[in-house]
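Chemist: Have a look at the structure that comes next, please.
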Amino acid sequence: MSNIHYKSEKLLQFYSKHRNSWDSLYPSERWVFDRVVRELEQNNVLHILDVGAACGGLYSALKERIDQFDYVGLDINEAMIEWAKQNHDSPNAKFECLDAAALAETQFPSNLVVSLSCADWNVETHSILDACWKQLRPGGQLVISLRLTNLESINDIERSYQYIDAIDGSDVESRGEKANYVVLNWRDSLQMLADLNGAETILQYGYWGAPSSSAVTEFERLCFTVCAVRKSVDEDFRGSPRCELHLPQDLFDSPSTARN
């Protein structure tokens, strides 16, 4: 199954101007990247695959922190990929228009695979995660953003969605296209990551926040979280991954005692 092919011009207008520097990344993203990059740089030249790259803003952001790396950015939106090709002139950066759901059919071996605001914004969350994992070399890390709750998981575009045309915070009369606004129970998120074959460690860093103003969802607050999962160098590794969680304590409250 393919993902929804979002066509709104608001995506290009927004991502060509925003989230294109280190300081414009969310605190959770900067925290996790600092940890992961420091670890991977010790023994490797970084080969980064960015799934859901939009206009390549992450490439610009990481250039401020990393001296040398190879980068491949993938996105389903052709207009954003064309913008990225025209505005990122570097032999170390490549951009390609590709549906993340079709990633398993291609080869982009990398030691850092990143998917921010992609798997939790699409109908094929699990298949995107699995496809990203298959591109990851042993010893590498997968960095992915998720929205967490201590209530039930919702992966249903009829119950939880975001209006694409209002992504910039504008109040438009016709809100048009909808994106899936996936929210996972924290236990479900850990199980989903632990089920990745060879997952050796799981790192999560997040904090409470209000849902996007352009989102329609049943939740009053969400724990916006960035995760990093390391793939074992041992192909026969079948143990339980070690987890390091930097999350609000009340995220772990039972639903009966938690406020939505």
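The values are calculated or read from the model by the stated rules, or taken from the named source; none is laboratory data. These numbers were taken from a predicted model, which means no experiment stands behind them. Cβ atoms come from the backbone with ideal geometry, glycine included; neighbour counts cover every protein chain shown.
Chemist: Just one of the numbered conditions (1) farther than 19 Å from residue 143 by Cβ; (2) in contact (Cβ under 8 Å) with a residue 12 or more places away in the chain is not true of residue 45; which one?
Modeler: It is condition (1) that residue 45 fails.
Chemist: Would you mind finding the one in 71, 15 that is of a type in the set (Ser, Thr, Tyr), buried (at least 17 other Cβ atoms within 10 Å of the Cβ) and either touching an Asp or Glu at 6+ places or on another chain (Cβ under 8 Å) or without any contact (Cβ under 8 Å) to a residue 40 or more places away in the chain (or both)? Give the derivation first.
Modeler: On the way: 15 fails: either touching an Asp or Glu at 6+ places or on another chain (Cβ under 8 Å) or without any contact (Cβ under 8 Å) to a residue 40 or more places away in the chain (or both).
Exactly one of 71, 15 is of a type in the set (Ser, Thr, Tyr), buried (at least 17 other Cβ atoms within 10 Å of the Cβ) and either touching an Asp or Glu at 6+ places or on another chain (Cβ under 8 Å) or without any contact (Cβ under 8 Å) to a residue 40 or more places away in the chain (or both), namely 71.
Chemist: Can you name every residue in the stretch 187-203 that is assigned to a strand (DSSP E or B), farther than 18 Å from residue 128 by Cβ and either polar (S, T, N, Q) or out of contact with any His (no Cβ under 9 Å at 6 or more places or on another chain) (or both)?
Modeler: Residues satisfying the conditions are 200, 201.
Chemist: So for the stretch 1-11 (the condition being in a helix (DSSP H, G or I), surrounded by 14 or more Cβ atoms within 10 Å (Cβ to Cβ) and at pLDDT 95 or above), does at least one residue qualify? Don't jump to the end; show me each part of the working.
Modeler: The first filter runs over the stretch 1-11 and keeps only residues in a helix (DSSP H, G or I), leaving 9-11.
Still in the running and surrounded by 14 or more Cβ atoms within 10 Å (Cβ to Cβ): 10-11.
With the extra rule that they be at pLDDT 95 or above, the set shrinks to none.
Checked the stretch 1-11: no residue is in a helix (DSSP H, G or I), surrounded by 14 or more Cβ atoms within 10 Å (Cβ to Cβ) and at pLDDT 95 or above.
Chemist: Something else now. Being among the polar types (S, T, N, Q), surrounded by 23 or more Cβ atoms within 10 Å (Cβ to Cβ) and touching a residue at least 24 places away in the same chain (Cβ under 8 Å) narrows it down to one residue among 141, 107; which is it?
Modeler: It is 141.
Chemist: Moving on to the next point. So residue 212 fits all but one of (1) at pLDDT 95 or above; (2) surrounded by fewer than 20 Cβ atoms within 10 Å (Cβ to Cβ); what number is the exception?
Modeler: (1)
Chemist: Something else about it: Quick one: in the stretch 157-167, which of the residues that are surrounded by 14 or more Cβ atoms within 10 Å (Cβ to Cβ) and in a loop (DSSP other than H, G, I, E, B) is modelled with the lowest pLDDT? Spell out how you get there, then give the answer.
Modeler: Within the stretch 157-167, the subset surrounded by 14 or more Cβ atoms within 10 Å (Cβ to Cβ) is 157, 160-167.
Then drop every residue that is not in a loop (DSSP other than H, G, I, E, B), which leaves 157, 160, 167.
On the way: 157: 93, 160: 97, 167: 66.
Taking the candidates together, the pick is 167.
Chemist: Going through the stretch 204-239 one residue at a time, which ones are in a loop (DSSP other than H, G, I, E, B) and touching a helix residue (DSSP H, G or I) at 6+ places or on another chain (Cβ under 7 Å)?
Modeler: Result: 214, single match.
Chemist: Could you say which residue among 203, 245, 251, 196 is surrounded by 14 or more Cβ atoms within 10 Å (Cβ to Cβ) and within 21 Å of residue 154 (Cβ to Cβ)?
Modeler: Every option except 251 fails the conditions.
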